[in-house]
Ligand SMILES: C[S@@+](CC[C@H](N)C(=O)[O-])C[C@H]1O[C@@H](n2cnc3c(N)ncnc32)[C@H](O)[C@@H]1O
């Protein structure tokens, strides 16, 4: 069997979940790699909503999208993902098939600006109540830095408390790598 590394596995899963014309969410735009990938999957008739709190992240993401001529498929929100509910119209939610969170800090940017458990969990609560059955949330959890450990612990308590009738949670993790490698949480909204 061929094992995927975490980020290729995320993109593999997204490619299975998202069809042209769908809507997808990048909850942490960062340097725009995931937003660009989502924009390629949703196609010309689809839509991506991408969020970040840092101007630098939005600039980098805009540049990447323009270079690949897919900027018009994306709504870039200079806002935290805790504002998902406010920023995405109610009638759009049935089309949302997937949301991706790549947690932690902006690679190449200010390492003191990191995702935190409170806003991540607020966003997950919105997704849990707004997503249609069958849609999926992917979270890549980086826990090498101190705030990442705290976010990991609070996130794990939260997902373990969820009712599997509403939402099913799986963890994909390499067990024998050193230095706290990232792991993936896969959350599927059930019927
Ligand atoms: C690891 S990076 C994301 C990498 C990105 N997915 C990519 O493809 O390049 C994490 C990002 O989360 C952003 N962030 C931190 N708190 C946030 C929040 N509440 N809402 C949205 N983004 C946030 C940071 O500014 C940073 O750019």
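A quick yes/no check of all residues on (1) under 20 Å from residue 84 (Cα atoms); (2) at pLDDT 95 or above:
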position: 141; (1), (2): yes, yes
position: 152; (1), (2): no, yes
position: 155; (1), (2): yes, yes
position: 177; (1), (2): no, no
position: 182; (1), (2): no, yes
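Quick one: is residue 8 more than 22 Å from residue 140 (Cα to Cα) and either within 16 Å of the ligand (Cβ to nearest atom) or in a loop (DSSP other than H, G, I, E, B) (or both)?
Judged against the criteria, residue 8 is not a match.
Going by what's in this entry, would residue 127 be described as in a helix (DSSP H, G or I), under 18 Å from residue 26 (Cβ atoms) and in contact (Cβ under 8 Å) with a residue 40 or more places away in the chain? In short, yes.
Across region 135-165, the number of residues qualifying as surrounded by 13 or more Cβ atoms within 10 Å (Cβ to Cβ) and in a loop (DSSP other than H, G, I, E, B) comes to 5. Looking across region 114-134, the residues that are exposed (fewer than 15 other Cβ atoms within 10 Å of the Cβ) and within 16 Å of the ligand (Cβ to nearest atom) come down to 118, 125.
Note on region 68-105: residues that are crowded, with 19+ Cβ neighbours inside 10 Å, outside any strand (DSSP E or B) and near the ligand (Cβ under 10 Å from one of its atoms) amount to 6.
Just for region 24-40: of the residues that are part of a helix (DSSP H, G or I) and surrounded by fewer than 24 Cβ atoms within 10 Å (Cβ to Cβ), which one is nearest to the ligand (Cβ to nearest atom)? Of everything passing the filter in region 24-40, 33 is nearest to the ligand (Cβ to nearest atom). Being farther than 26 Å from residue 156 by Cα and in contact with a strand residue (DSSP E or B) (Cβ under 8 Å, 6 or more places away or on another chain) is a property that holds for residue 87.
The values are calculated or read from the model by the stated rules, or taken from the named source; none is laboratory data. Note that the structure is a prediction, hence the values are computed from the model and not measured. Cβ: placed from backbone, ideal geometry, glycine included. Neighbour counts: every protein chain shown.
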